[in-house]
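Input: a single structure, listed below in structure tokens.
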Amino acid sequence: MTTIKQQFGLAAGVLLGTTTLAESINILVEGGGLQLQKSVAEQFTAETGIEVNFTEVPYAGVFERLTAEIASGRSTYDIATIDVVWNAQFAPYAESLNELFTNEVIADFPQALLDDAKVDGDYIAMPAWANAEVLFYRKDLFNDPQEQDAFKAEYGYDLVPPTNWQEFNDVARFFTRDTDGDGQIDFYGTDVKGAFAEEWMAHVLQAGSPGIVLDSNNRVIIDNDAHVEALEFYTDLYCNDRAAPSGAVGIGWAEAQNLFYQGKTAMMRFWAHAYRLTPEDSLVEGKVGVAPMIAGSAGIAGVPGPWYNIIPQTAQNKDLAKQFIAYAVEYNYMGIEAPLGLAATNSAYARYADQEGYEHFEPLLTTLSADATQGRPLHRDYQEIVDEAVLPALQEALACERSPRDILTDARDVVEDIL
């Protein structure tokens, strides 16, 4: 895989930016980043007189545009809002933000977001907003007295939103049924996503793995007991319990949402922001409950989906950029009023957690702040590892033919070849 350094043809040490007096700053963003930061930018301008100009590009365009800008040695952008998966790759070309991480700021972020903001001992990125998968469930089903009685008679305990793997399995099996009486299963306890690997990775952390695929020293651990246990748990729901719809390899985020909204599943593990986006014409409108992500032997864990603000070393207005980033942290809660409704600080989420319509914030904070929650490896080759080893392993396991342990043993060889 071509690294950013190879693409740039430059060493990090020779990327020189100059700070100039200016009355404006330019921010490179994708659509979500514009929505979530627009209000705070407008307030910042009103208070400081410093104009904030956004350049909105598609998701992949952020990486491509920033790469080209840095390669030129002089950037149009003073700030770039980037996906966490790019932090390691852009770190050598990003300005240190250590001075912005005061004790007060550090105390206001979940530890997992702080860990992903630091590369090689320096904070190079400031969390702008964060997300994590939590548990969505059908309140109408869980609160139905007949369902409650039937579940307790079969499993010996009360029907409540599951908190751990065993409860999740029990509830998923219980709700999987033929509702039309034609002998065909048409309603499932949950879904299993085979188009993306993040959900399996969350279960890996719940099983107690010290990391995802790689440990903190970049040693390959994709075949450790926790990865195997998590893959067995995840695929058993599909292969053995038949508690998830067929065609799992083709089910991703959008497909899982459609199944849930169409009333085809009782539970869905999904990104928390979706709680406020349930379509009004869906069969589950007004019936959706939300709880923290389920726990394994290591407790609750999720894989955060944060975005960060970085300042390229080639930026022209670094001081103003730092001023805006500090301001955006202080008023981080303003992003919650945007359509995606996300923030990054604990205080921002706490500000809304008790308000009607934001019932998902407490489960989100619980998941983000859980001891076992951590981000994906900050390694420049991680996306290639996912594409060539992690996702193929998951999809092979969902073929239900080979054991997860054997599959992950082979995946280890692929990862080692990449590294």
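Brief remarks follow.
- Rolling a 1.4 Å probe over the protein heavy atoms leaves Thr278 with an accessible area of roughly 20 Å².
- Lysine pairs in the chain with Cα atoms under 21 Å, if 8 or more residues apart or on separate chains: 10
- Per-residue [θ]222 nm for the chain (sum of -39500 (n - 2.57) over DSSP H runs n ≥ 4, rounded to 500): -11500 deg cm²/dmol
- For the stretch 160-263, with +1 on Lys and Arg beta carbons and -1 on Asp and Glu, the positive-most of Val220, Trp165, Tyr261 along the dipole: Val220
- Solvent accessible area, Å² - Asp83, 1.4 Å probe, full protein context: 20 Å²
- Total formal charge among the other residues, if their Cβ is under 14 angstrom from that of Phe174, Lys/Arg +1 and Asp/Glu -1: -4
- The stretch 225-320: relative contact order in percent, alpha carbon pairs under 8 Å with at least 6 residues between: 13 percent
- Cα pair distances exceeding 18 angstrom across the stretch 126-221, given as percent: 61 percent
- The charge dipole of the chain, taken about its Cα centre with unit charges on the Cβ of Lys, Arg, Asp and Glu (plus for the first two, minus for the last two), comes to roughly 680 debye.
- When its C-alpha radius of gyration is set against 2.2 N^0.38 Å (N residues), the chain gives a value of 1.03.
- The stretch 226-353, accessible surface, carbon-and-sulfur percent (1.4 angstrom probe): 47 percent
- Rg and Dmax [Cα atoms of the stretch 271-419; Å; Rg one decimal, Dmax integer]: 19.9, 57
- Compared with the dominant principal axis of the Cα atoms in the chain, helix 404-418 is inclined by about 20°.
- The mean sequence distance of close C-alpha pairs (under 8 Å, at least 6 residues apart), as a share of the length of the chain, puts its relative contact order at 27 percent.
- Each Lys and Arg adds +1 at its Cβ and each Asp and Glu adds -1 at its Cβ; summed about the Cα centre, the stretch 91-179 shows a dipole of about 320 debye.
- Take every pair of alpha-carbon atoms less than 8 Å apart whose residues are at least six positions apart; their mean separation over the length of the stretch 133-283 yields a relative contact order of 30 percent.
- Between 0 and 90°, nearest 10: helix 145-155 axis offset from the chain longest Cα axis: 80 degrees
- Split the accessible area of the stretch 92-169 by element, probe 1.4 Å, and carbon with sulfur accounts for 44%.
- Beta bridges by DSSP in the chain, antiparallel share as percent, to the nearest 5: 70 percent
- When all protein chains stay in place and ligands, DNA and RNA are ignored, the 1.4 Å accessible-area order of Asp158, Asp170, largest first, is Asp158, Asp170.
- At q = 0.12, 0.15, 0.23 Å⁻¹, base-10 log of I(q)/I(0) for the stretch 325-389 (Debye sum, equal scatterers on each alpha carbon): -0.45, -0.64, -0.95
- Highest-MSF residue in the chain out of Asn218, Asn26, Asn131 [GNM, Cα springs under 10 Å]: Asn218
- In the chain, excluding the sites themselves, the longest stretch lacking any of the GluC sites (Glu not before Pro) that are in a DSSP loop with at most 11 other Cβ atoms within 10 Å is 24-279.
- Overall dimensions of the stretch 38-138, expressed as equivalent-ellipsoid semi-axes from the Cα gyration tensor (√(5λ), whole Å, largest first), are 23, 19, 18.
- A 1.4 Å probe run over the protein chains yields, for the chain, 41 Å² of accessible area per residue, whole-number rounding.
- Between 0 and 90 degrees, the angle of helix 165-175 with respect to the longest Cα principal axis of the chain falls at about 60 degrees.
- With Cα atoms defining each centre, the stretch 27-84 and the stretch 89-151 are spaced 21 Å apart in the structure.
The values are calculated or read from the model by the stated rules, or taken from the named source; none is laboratory data. The structure displayed is predicted, hence computed values, not measured ones. Using ideal geometry, Cβ is built from the backbone for each residue, glycine included, and neighbour counts are taken over all protein chains shown. To get the accessible areas, we keep the full protein, side chains included, count just its heavy atoms, and leave off ligands, DNA and RNA. Shrake-Rupley method; radii C 1.70, N 1.55, O 1.52, S 1.80 Å.
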